[in-house]
1. Looking at the structure I just gave you, is Gln51 in contact (Cβ under 8 Å) with a residue 12 or more places away in the chain, more than 20 Å from the chain's Cα centre (by Cα) and not in a helix (DSSP H, G or I)?
2. So which helices (runs of 4 or more DSSP H) are wholly in the range 129-240 and hold at least 1 residues that are among the basic types (Lys, Arg) and surrounded by fewer than 23 Cβ atoms within 10 Å (Cβ to Cβ)?
3. Evaluate the following for Asp62: is it more than 23 Å from Ile254 (Cβ to Cβ), of a type in the set (Asp, Glu) and at pLDDT 95 or above?
4. Could you list, in sequence order, the residues of the range 241-272 that are outside any helix (DSSP H, G or I) and either hydroxyl-bearing (Ser, Thr, Tyr) or over 13 Å from the mean Cα position of the chain (by Cα) (or both)?
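The values are calculated or read from the model by the stated rules, or taken from the named source; none is laboratory data. This is a predicted model, so every value here is computed, not measured. Neighbour counts are summed over all protein chains in view; Cβ atoms, including those assigned to glycine, are modelled from backbone coordinates with ideal geometry.
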Amino acid sequence: METGSQEEVESMMFRGAVDLLEQEYLFWMRNRSVSIEIQGALHTLNQYSVQAGEPRPESYSDDWELAEGLTEAGKQAMWAELQSGAESGWDFSSRWFIDGEGQNRGTLRDTRTRLIVPVDLNTLLCRNERTIASFHRTLGSEEGRGGNLEMAEQFELALENRVKAVRAVFWDESLGAWFDYSLQTNSSHQAFYPSNLAPLWAQCFSEPSAGERALRYLQDSGMLGYRNGVPTSQVESGEQWDYPNAWPPLQLMIIEGLMKLSSEKAEQVTFDLAQKWIRTNWAAYQRDKAMFEKVSGSGQRWRFISSSAADLCFI
């Protein structure tokens, strides 16, 4: 590496990176894919779906107690749903709740992660397809590496198909945003979550008007009115990925997504959100000399909260 030219070093880095990216991508396509038919067209998308029907090692006693009173099959099914929710990183949230009537509501015991096709996972994979295609195209420009150009074309086609699928399955024309899809009801869950704006961040849409419409959706939701950031939902379920908690990666996703829009309105909203987040975290650090895992969107004071894993929250 030290004796090679800059071009040789970059080529080695690209080759190593693209192999790892493809391994991760293939895991999702082989183990976490689902087909959805919309108006006669079949779309392949991805979901969180762990099949291990046992309590999570990190929360074994909590999961065991939650399953009390269920049949053995019921326990295994619920534990698999909880594991799938943990796989998402949103552990836990009303986002994964589906009650006995198929509605997006309930309690932790109603977690049905495997019945939901999430917007943000698919936009992450959309971004991955674009990145992998770009890496292959860069490598394909080298002499004797025509196979990389063929791979670039394959991933560009996969990207094109995913953009179409995201539009067909997640986009709601009347509301102007993207929503998680329920495999139980074959319809969208129209509750607010920051993930409804994930395609902005990933640039996983093709209609020029979609970005500004999503901005209007965010403004109309009322979620910009909180002093410390955008809460994770409008549902106060007691779970950490719900109201009133505002999480750093979701603030970043919204801010970076809006930054890609060209309007003055988007620029102002982006600036305001970034200022809120910086101000809140600076104030918290000045007081406690600590950076917080999450904050309450409307909070003005600090305290410890206990959950399955101890954390510190500014509320």
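1. yes
2. Fully inside the range 129-240 and qualifying: 146-165, 210-221.
3. yes
4. Hits for the range 241-272 are Asp242, Tyr243, Pro244, Asn245, Ala246, Lys260, Leu261, Ser262, Ser263.
Table: residues versus (1) under 24 Å from Glu293 (Cα atoms); (2) touching a strand residue (DSSP E or B) at 6+ places or on another chain (Cβ under 8 Å); (3) charged (D, E, K, R).
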{"position": "Glu87", "(1), (2), (3)": "yes, no, yes"}
{"position": "Ser93", "(1), (2), (3)": "yes, no, no"}
{"position": "Arg112", "(1), (2), (3)": "no, yes, yes"}
{"position": "Arg127", "(1), (2), (3)": "no, no, yes"}
{"position": "Thr131", "(1), (2), (3)": "no, no, no"}
